[in-house]
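What follows is a single structure, written as structure tokens, with notes after it.
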Amino acid sequence: MKFNQLHSWRLDYKKAIELQKTLRERLILKRVTGKICTVAGADVSYEKHGDLFFAGIVVYTLSKQLEKVEEVTAIDRARFPYIPGLLSFREAPVLLKAFKKLKNDPDVILFDGQGIAHPRHFGLASHLGLILDRRAIGCAKSRLVGEFRCVKNVAGSYSKLFYQHEVVGVVLRTKVNTKPVFVSPGHKVNLAFAIRIALATCVGYRIPEPVRQAHLLVNRVRKEHIQ
């Protein structure tokens, strides 16, 4: 899988923030037309008390019965410190190493992270969606910014997530009696499409299956590597 090298990753805190503000103007926050056949999930696992990162991507066909078609992994060392709001500068390099290995170019990518539900409207899904030039959706397990009302305990129910007086995502109930997830557009999608893809890829679990499997994959690789 090829992608655009939009900038250097050797940046300090201030330059990283300015870059986010500049690049967010290039985001496309509407649904881009075209057939949707495959969807990928991407996740990163950290080495405990170390600086190694383990990235995993799992690609599925988007059909009534999701079928896994490919999975890849990559390992790298941290190049950027942990700073809230700048997660993409820490995780993107190792994820891009994994994306390079993909033989199948996914039509949509679900990231375990935020899209525009971010202090500067430029989370991991937005950043990598722009670099990869792919439809990208953030599907996070926790809130980074915004306010919302209580979500009904019914699968498919959601509450809009408001930040700075605008809707930046939704708090989506994917399964009854479980915590909701935080879904936001990353790039080349609108909110309605992001919700539809998140629900279409949930198969009995809280987390959409591509992201859930990517999470299991990276944790397995991390444990095997450290043994």
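The values are calculated or read from the model by the stated rules, or taken from the named source; none is laboratory data. Given the structure is predicted, the values throughout are model-derived calculations rather than measurements. Every residue, glycine among them, receives a Cβ derived from its backbone with ideal geometry; neighbour counts consider all protein chains shown. Side chains are part of the model used for accessible areas, which takes the heavy atoms of the whole protein and leaves out ligands, DNA and RNA. Shrake-Rupley method; radii C 1.70, N 1.55, O 1.52, S 1.80 Å.
General remarks:
- Remark on the range 116-175: hydrodynamic radius 12.3 angstrom, per the Kirkwood mean of 1/r across alpha carbon pairs.
- Remark on Leu161: its backbone amide H falls under 5 Å from those of Val168, Gly169, Val170, Val171, a criterion applied only to residues 5 or more positions apart or on other chains, H modelled at 1.01 Å from N.
- The distance separating the Cα centre of the range 111-142 from that of the range 154-227 comes to 12 Å.
- Computed over the chain, Kirkwood Rh from alpha-carbon pairs, angstrom: 17.4
- Here the accessible area of the range 141-215 is 53 percent carbon and sulfur, with a 1.4 angstrom probe and all protein chains present.
- Rolling a 1.4 Å probe over the protein heavy atoms of the range 1-58, with every protein chain left in place, gives an accessible area that is 50 percent carbon and sulfur.
- Using all pairs of distinct alpha-carbon atoms, the Kirkwood hydrodynamic radius of the range 79-138 works out to 11.7 angstrom.
- Residue (of Cys150, Leu87, Cys37) at the positive-pole extreme of the chain, dipole from beta-carbon charges: Cys150
- Annotation: per residue accessible area for the chain equals 49 Å², rounded to a whole number [probe 1.4 Å, protein chains only].
- Placing a pseudo-label 7 Å from each Cα along the Cα-to-Cβ vector at Ser142 and Ala155 gives an inter-label distance of 2.7 nm.
- Those trypsin sites (Lys or Arg not before Pro) in the range 125-207 that DSSP places in a loop and that have at most 13 other beta carbons within 10 Å: Arg149, Lys152
- Kirkwood hydrodynamic radius over Cα pairs of the range 95-227, then Stokes diffusion coefficient at 10 °C and 1.306 mPa s, in µm²/s: 105
- Whole-Hz ³J(HN,Hα) from phi, Karplus 6.51 cos²θ - 1.76 cosθ + 1.60, for the range 86-99, glycine and proline x: 10, 4, 5, 6, 8, 9, 4, x, 6, 5, 5, 4, 6, 4
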